[in-house]
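The values are calculated or read from the model by the stated rules, or taken from the named source; none is laboratory data. Every value quoted in this text rests on a predicted model; they were computed, and no experiment measured them. We place every Cβ from the backbone using ideal geometry, glycine too, and count neighbours over all the protein chains shown.
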Amino acid sequence: MEVNVAALVVLICFYLVILVVGVLAARWKGHTGQPSLESSIVADRNIPTSVGIFTMTATIVGGGYVNGTAESVATGGLLWTLVPFGIFLGLITGGLVYAGPMRERNYMTMLDPFYERFGSVVVFLVYLASLVGDLFWTASILIALGTSLSVIINIELTVAIVTSAGVTVAYTMVGQMISVAYTDVVQLFFIMFGLALSIPFVLTNEHVGSIKATSDVWVGELPSSAVLPWIDLFIAMTFGTIPWQSYMQRVLSVKGKRQAQVLSVVGGCLSLILVVPSIIIGAASTSADWKATSLGVSPLDADKSSMVLPYVLNEFTPKAVSILGLGAISAAVMSSMDSSILGSSSMFTYNIYRQIFRPQASPVELLWAQRLAILVLGVVATGISLHVPIIYGLFVMAGDIVFVIVLPQLTCALFVPMSNGYGAVCGYVLGIVLRIGAGEPFLNLDPYIRYPSYSETDGQVFPFRVFTVCCTFITMIGVSFVANILFRKDILPEYFDILRNFKREAGGSSASLGLDQHHPVVKSYHENPSYRVSTHM
């Protein structure tokens, strides 16, 4: 098939617009004096609330969200498309419970409370889990864009993914958080306009029947035997929305606690509204006459379920509309990819490179370290996307990782004063063993733990995700309790405190952590004793 020149030209223009907006935003709103990580990571905490809402919404409404929802509705039905509704409730919960404390304490990244309470070892471990989640998420949205470009423009999947990733990495390296926030405003406009415009054409196309007639297919069913797995997955998708640096970065970039809560709640509501076109497109794919298309069969029958949305746009809308829909998909992908790689690079630069390896690094060195990290993360995510072509599977697995591993750690760091690094490490290891042991059918990962009611046909029926989180919480609190007794009562000598969570002060009392006195969380740490690990029991 020949390359669609018109679509290619429009896409190039779109990429140029985004690139120019990113560069201009960095120059217009960027830090004009000495370079600083505060500017690159949290935009000097000066993002307006309106821009914060746009960037929060655009971050959520990414390629995995848009394409993955259409794929899930077409394959499993709306009842099993839990990500949009989970994210909606998760952002509201995050805004009401987590956003306030994070913003009030002036953290720079999501890992700061871990450093404050647990120390560097736990920070490094949690960063690894967060990094895997970000890479899976980024890979899933790159697949979404690559498949869309290959369908509508007729270019190679590899070329489509690499080119799109390259543009996103470029403007993210130039302006970091400022560029990302303001390009999100433009990208969100493209998403809303492109997808909304396509719906009337899809529903009125002569080859698309009534979606009411196939409602039993695209709505799906929930048999009694699947209720527990459904609840388990829904809870994971809901609370797995919260412990992401890309989410917390927006919370920490606005002026105060109130703004952080507003952008979280409003962003959740907007993300639910903007998923409606994807749901309709997924439903339309079940009622369409695919024999009348160039594909000849349904994308599901052709083993191309991840391409449901681009195929519907390409086959059942006018060419001009399908090109605008492609722009919407491109915008959705770029708005999420930039947030993901910026988030992981920010945590690496600030919490790993600066705090652990190079505390004496200059501001200029740190900025270049962050740019290099953005480049490396972009390359790795691109590589994953080229080898794991399952959008929804990556999306779900990414949410699972942060839910069962990062969420308990973050919750204890913020709200359980007695928790310490020993409980955190034990909970971390247990969480990994229990979750990976359950397997993942989306990714053909066989289980090595067969939970109650497991069967070869139905897989894991037991709510293993919630079970894993509960076990992680109990382990963290229980081990922390024992560690507090052993070290605070001097049952174990100081040299056994390998995590340095109970470093003795000159007067004989047990201090929490030997923090760098110039660390930005130290002020709140010393002013509020309830933040300390060594809180009296």
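The single residue among Ile352, Ile329, Ile374 that is assigned to a helix (DSSP H, G or I), surrounded by fewer than 24 Cβ atoms within 10 Å (Cβ to Cβ), touching a residue at least 24 places away in the same chain (Cβ under 8 Å) and not small (Gly, Ala, Ser) turns out to be Ile352. Contact map, segment 176-188: first residue within 12 Å of Thr59 (Cα to Cα), second residue charged (D, E, K, R) and part of a helix (DSSP H, G or I), Cβ cut-off under 6 Å, separation 6 or more or different chains; pairs are Val180/Asp338. May I ask you to verify whether Met102 is modelled with pLDDT of 90 or more, farther than 25 Å from Ile280 by Cβ, hydrophobic (A, V, I, L, M, F, W, C) and surrounded by 21 or more Cβ atoms within 10 Å (Cβ to Cβ)? Judged against the criteria, Met102 is a match. May I ask you to list the residues in segment 347-370 that are among the small types (Gly, Ala, Ser) and modelled with pLDDT under 90? Those that are among the small types (Gly, Ala, Ser) and modelled with pLDDT under 90: Ala361, Ser362.
You will find that of Leu233, Leu295, Leu228, Leu270, the residue that is assigned to a helix (DSSP H, G or I) and modelled with pLDDT under 90 is Leu233 and no other.
Meeting the requirement of 3 or more residues that are of a type outside the set (Phe, Trp, Tyr) and within 30 Å of Gly296 (Cα to Cα), the helices (runs of 4 or more DSSP H) wholly within segment 94-187 are 120-152. State the number of residues belonging to segment 456-480 that are surrounded by fewer than 20 Cβ atoms within 10 Å (Cβ to Cβ) and more than 21 Å from Phe234 (Cα to Cα). Number satisfying all stated conditions: 5. Remark: Val61 matches the filter, which requires a residue to be of a type outside the set (D, E, K, R) and under 30 Å from Val219 (Cβ atoms). Of the residues Ile485, Ile449, Ile477, Ile432, the single one that is at pLDDT 90 or above and part of a loop (DSSP other than H, G, I, E, B) is Ile449. Filtered by the rule that a residue be crowded, with 19+ Cβ neighbours inside 10 Å, out of contact with any Asp or Glu (no Cβ under 8 Å at 6 or more places or on another chain) and within 19 Å of Ile155 (Cα to Cα), segment 308-320 gives Pro310, Tyr311, Val312, Leu313, Asn314, Glu315.
Any residue at all in segment 198-206 that is farther than 19 Å from Gly268 by Cα and in contact with a strand residue (DSSP E or B) (Cβ under 7 Å, 6 or more places away or on another chain)? Yes. Scanning segment 250-300 for residues that are free of Cβ contacts under 8 Å to residues at least 60 places away in the same chain, among the aliphatic types (A, V, I, L, M) and surrounded by fewer than 17 Cβ atoms within 10 Å (Cβ to Cβ) gives Ile273, Val276, Val297. Within segment 337-346, can one find any residue that is modelled with pLDDT under 85 and hydrophobic (A, V, I, L, M, F, W, C)? For segment 337-346, residues modelled with pLDDT under 85 and hydrophobic (A, V, I, L, M, F, W, C): present. Taking segment 57-76 as the range and being buried (at least 24 other Cβ atoms within 10 Å of the Cβ) and either in a loop (DSSP other than H, G, I, E, B) or among the charged types (D, E, K, R) (or both) as the test, the residues that pass are Val61, Gly62, Glu71. Listed by first and then second residue, the pairs with beta-carbon distance under 7 Å, at least 6 apart or on different chains, first residue in segment 377-388 and modelled with pLDDT under 80, second buried (at least 17 other Cβ atoms within 10 Å of the Cβ), are Val388/Ala139; Val388/Leu394. Within this structure, Val21 fails the test of being free of Cβ contacts under 8 Å to residues at least 24 places away in the same chain, within 30 Å of Ile323 (Cβ to Cβ) and not basic (Lys, Arg). On the stretch given as segment 435-446, residues that are exposed (fewer than 13 other Cβ atoms within 10 Å of the Cβ) and either in a strand (DSSP E or B) or at pLDDT 85 or above (or both) total 1.
When every residue of segment 383-398 is checked against the conditions, none turns out to be within 19 Å of Ser120 (Cα to Cα), among the hydroxyl-bearing types (Ser, Thr, Tyr) and assigned to a helix (DSSP H, G or I).
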